[in-house]
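Heads up, the thing below is written out as structure tokens.
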Amino acid sequence: MTTTPLLVPPPPLIHLTGVTKTLKGQDEPRTILAGVDLTVRAGDSVAILGRSGSGKSTLLSLIGLFDRPDGGQYLLGGRDITRIPERKAAALRSAEFGFVFQRFFLLKHLTAAQNVAMALVNGQGWLPRRKRKAKVLAALDRVGIGHLAKHKPPRLSGGEQQRVAIARALVREPRILLADEPTGALDTETGNLVVEVLRQATEVGCGLVLVTHDHDHAAKMGRVLHLSDGLLRPAGQRVIA
Amino acid sequence: MIRLSGRLRASLIIGGQGIRARKLRTFLSMVSLFLGVLAVVVVQAGAEIANRAMLADVELYQGKDGTRQMYVPPEGQAVPVALEVLEGRTDAVAMTTSRAIIGEPGVKPINEGGGPIDQVGDYTGPRMTCDQSGCYPVQDANSGAPSGQAVELQLVGLTGDVRQFRPFRPSQGRWLDFGGEPSLAPRLVLNEQAAKAFTRYHVPAEMRVDGATANPTPQIIGVVDDGGYQPAAYVRADELMNWMPVAELGDSSSGGGLQVLMTPTAVEVEHVLRARLVAAGTPEEQIHVNTVETLKRMSTELALMRWIFLGMAALVLLIGVAGILNVGLATVGERIEEFALRRAVGTPRLLLAGIVLAETLLTGLLTAALAIGAGVVGLQLAMTVFGSRFPALEGTAFPWQAGVAGVIAGLVAGVLGGLVPALRAARIPISTVMRA
Ligand SMILES: Nc1ncnc2c1ncn2[C@@H]1O[C@H](COP(=O)(O)OP(=O)(O)O)[C@@H](O)[C@H]1O
Ligand SMILES: [Mg+2]
């Protein structure tokens, strides 16, 4: 145990050291992550670039506790969660993380508000109706589509749908936002808007990890990293397109 | 507790959303399940109604379950003593039995022996008595008399209203009124058999009672269904005793003695009656009391039948379960992304399984509600069509047991049909959302 002197900054939100992951391919197992180090503090925004198939999604799935690393260590807010059991992982996913994916994964039969409310279901059950409604509306307002709360996804544009998905990620007020190519299915203008909404979350202390192919979007983040050969390296100071 | 109910609520609400999103599928799985649940409901309702009908018929002549029966032997002073003890009581009623012939004076009854009027000529005949030298007709008032318009019946004297023990069904006129002074013209209530005899043979009224001092003119005031197969008439015991000495009641050749029916709580009467009878010289061991336990006696046979039918209903139900299971598995296949996403945003596996299970449970319950509704309506229809043919079933309400059975069948089907899909849903890896 290290004794932490006063005036030392709090432990980082995410601290990965030497994280490895091997996935069973069709034939032989493939090492996707070969010792990844990553530190994300409150208010940090990190872009991760890399070829398709380089393991970016795999890395996010480890950070977001969808899966566990084979080796290395994962500290979340200073707490070792490398081998956390599934039940506790579900609680952490609900309490600490917000997820945005390339596809929006909205349920067609539910309204925008109901889709957002879905993220409020966890091991405790559900918040009372009134509290739920207030939180959902606040989240929708935060991404600028409070007026679309009663609309169902088929009636929304791609950008609006992705913003519903972001509201779903924000509704629990997570400490960490994980976004896996969130602009991949959007036109440039809408994509810029979505990245801006995500970046704004870091202004209130959220940590953001954005996986993207778009160098312009990456450039808006505080740090840009490159994943290749299973390792995460700085992509040079302020990569130019 | 709060956590559990919160999860339960979440499962039900989300499950309900799922059902609304897939109305056609839900409907299809309900169709196959409906017949299964309906089968269970019908079997249970049928068994329950048959049970009640059987019991209702048995009650008419055996007495309601729980009724205490005491037989008072005719010897000595037993009968007068018993009648005295029971006078004016409402929780215990004594029944005397005598043979009576009502009709044209001085003729043989058409049903000599008191048999059913429909079977006249089959086995009725003069009463026989047997000794060492053989059997020969009893010599009585009828011997040698010409046959004529008269009916022989069993005349039952009552010290009080017997219907609390044997719920005779009124069919015409009034029942006996046990209040007020006894009438000199004995008021009779006939059973259906006796009434049938009197409508077929228009007999003038004179009543010959074995042991009576004179032949009174009876007034027939009503008809009841007492479940009996032989002609009988009910009369106030005190009106009967205007015409015959008490001693004759005990000595009558058609039975003799008294039958006393008591409520289960009439312990005091039973006690007093027993003490008085013993004091009057009746040997203790000749006083038998037993309790009517028809249901208990019949229940083993009925239960067997019910289980056989329920077994068949369960098979039909199983087909319905297969239907739910089929639809459920197909649905889970289509909803892989939804379930992966739900897990990604923090819904635990158990709750996810609960959501899927809630959908099939709600479907099962909805189906059960419809099947029970169909059962209720069906019973109502059957009652209006066939009700008049089965008087025992009149006013039969839908048995709650059938409702309970239907709900249980719906729940069981929901659990069986939803468990496998629920487990599958809980096992979907979360990273599915990243590979899409
Ligand atoms: N479940 C899996 N089993 C085996 N290999 C997988 C699995 N999922 C992904 N992969 C492989 O792992 C590699 C990394 O995938 P991924 O993390 O999705 O890359 P990226 O997101 O950078 O495109 C790819 O080569 C992919 O084919
Ligand atoms: Mg990817």
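The values are calculated or read from the model by the stated rules, or taken from the named source; none is laboratory data. For clarity, every value in this text was computed on a predicted model and none was experimentally measured. Positions of Cβ are backbone-derived with ideal geometry, glycine not excepted, and every protein chain shown enters the neighbour counts. Accessible surface areas use protein heavy atoms only, side chains included; no ligands, DNA or RNA. Shrake-Rupley method; radii C 1.70, N 1.55, O 1.52, S 1.80 Å.
Values for this structure:
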| read-out | value |
| --- | --- |
| So A:ALA167, is it within 14 Å of another protein chain (Cβ to nearest Cβ) and within 16 Å of ligand 2 (Cβ to nearest atom) | no |
| Residues (of a type in the set (A, V, I, L, M), open to solvent by 40 Å² or more (accessible area, probe 1.4 Å) and within 9 Å of the chain's Cα centre (by Cα)) located in segment B:34-57 | B:ALA50, B:MET54 |
| Residue list for segment A:35-67, restricted to those being over 16 Å from the mean Cα position of the chain (by Cα) and surrounded by fewer than 17 Cβ atoms within 10 Å (Cβ to Cβ) | A:GLY35, A:ASP37, A:ARG51, A:SER52, A:GLY53 |
| Some residue of segment B:335-346 being open to solvent by 40 Å² or more (accessible area, probe 1.4 Å) and free of Cβ contacts under 8 Å to residues at least 24 places away in the same chain | no |
| Hits in segment B:206-226 - residues which are open to solvent by less than 40 Å² (accessible area, probe 1.4 Å) and not in a loop (DSSP other than H, G, I, E, B) | B:MET207, B:ARG208, B:VAL209, B:ILE221, B:GLY222, B:VAL223, B:VAL224, B:ASP225 |
| Identity of the residue in segment B:421-436, assigned to a helix (DSSP H, G or I) and open to solvent by 60 Å² or more (accessible area, probe 1.4 Å), that ends up nearest to ligand 2 (Cβ to nearest atom) | B:ARG435 |
| Selection within segment A:117-154 - more than 18 Å from A:LEU92 (Cα to Cα) and facing chain B (nearest Cβ under 10 Å) | A:PRO128, A:ARG129 |
| Test result for A:ALA185, within 12 Å of another protein chain (Cβ to nearest Cβ), of a type in the set (A, V, I, L, M) and surrounded by fewer than 21 Cβ atoms within 10 Å (Cβ to Cβ) | yes |
| Residue within segment A:125-135 that is surrounded by fewer than 23 Cβ atoms within 10 Å (Cβ to Cβ) and part of a strand (DSSP E or B) present | yes |
| Residue pairs meeting the criteria (Cβ under 7 Å; at least 6 apart or on separate chains; first more than 8 Å from ligand 1 (Cβ to nearest atom), in segment B:424-435; second part of a loop (DSSP other than H, G, I, E, B) and modelled with pLDDT of 90 or more) | B:ILE430/A:PHE66; B:VAL433/A:PHE101; B:VAL433/A:PHE105 |
| When residues of segment A:33-45 are limited to those that are among the β-branched types (Val, Ile, Thr) and more than 16 Å from ligand 2 (Cβ to nearest atom), the one nearest to the other protein chains (Cβ to nearest Cβ) | A:VAL40 |
| Qualifying positions in segment B:323-334 - within 14 Å of chain A (Cβ to nearest Cβ) and open to solvent by 40 Å² or more (accessible area, probe 1.4 Å) | B:GLU334 |
| Cβ pairs under 6 Å, 6+ apart, first in segment B:299-310 and assigned to a helix (DSSP H, G or I), second at pLDDT below 85 and surrounded by 14 or more Cβ atoms within 10 Å (Cβ to Cβ) | B:LEU302/B:ASN51; B:ARG306/B:ALA47 |
| Close pairs (9 angstrom Cβ cut-off, 6 or more residues apart or separate chains): more than 8 Å from chain B (Cβ to nearest Cβ) and within 7 Å of ligand 1 (Cβ to nearest atom) in segment A:51-70, in a loop (DSSP other than H, G, I, E, B) and aliphatic (A, V, I, L, M) anywhere | none |
| Check on B:GLY387, in the same structural domain as B:GLN44 (by TED's automatic domain parsing) and over 20 Å from the mean Cα position of the chain (by Cα) | no |
| Check on A:GLN73, open to solvent by 20 Å² or more (accessible area, probe 1.4 Å) and not in a loop (DSSP other than H, G, I, E, B) | yes |
| Residue tally, condition more than 13 Å from every other protein chain (Cβ to nearest Cβ) and either touching a residue at least 60 places away in the same chain (Cβ under 8 Å) or within 9 Å of ligand 1 (Cβ to nearest atom) (or both), over segment A:23-32 | 5 |
| In segment A:150-173, the residues that are touching a Phe, Trp or Tyr at 6+ places or on another chain (Cβ under 6 Å) and open to solvent by less than 10 Å² (accessible area, probe 1.4 Å) | A:GLN162, A:ALA165, A:ALA169 |
| So A:GLY98, is it closer than 23 Å to A:LEU33 by Cα, touching a residue at least 40 places away in the same chain (Cβ under 8 Å), open to solvent by less than 10 Å² (accessible area, probe 1.4 Å) and assigned to a strand (DSSP E or B) | yes |
| Test: residue in segment B:24-33 that is under 42 Å from the mean Cα position of the chain (by Cα), within 14 Å of chain A (Cβ to nearest Cβ) and of a type outside the set (Lys, Arg) | yes |
| Some residue of segment A:113-133 being touching a strand residue (DSSP E or B) at 6+ places or on another chain (Cβ under 6 Å) and closer than 19 Å to B:GLY346 by Cβ | no |
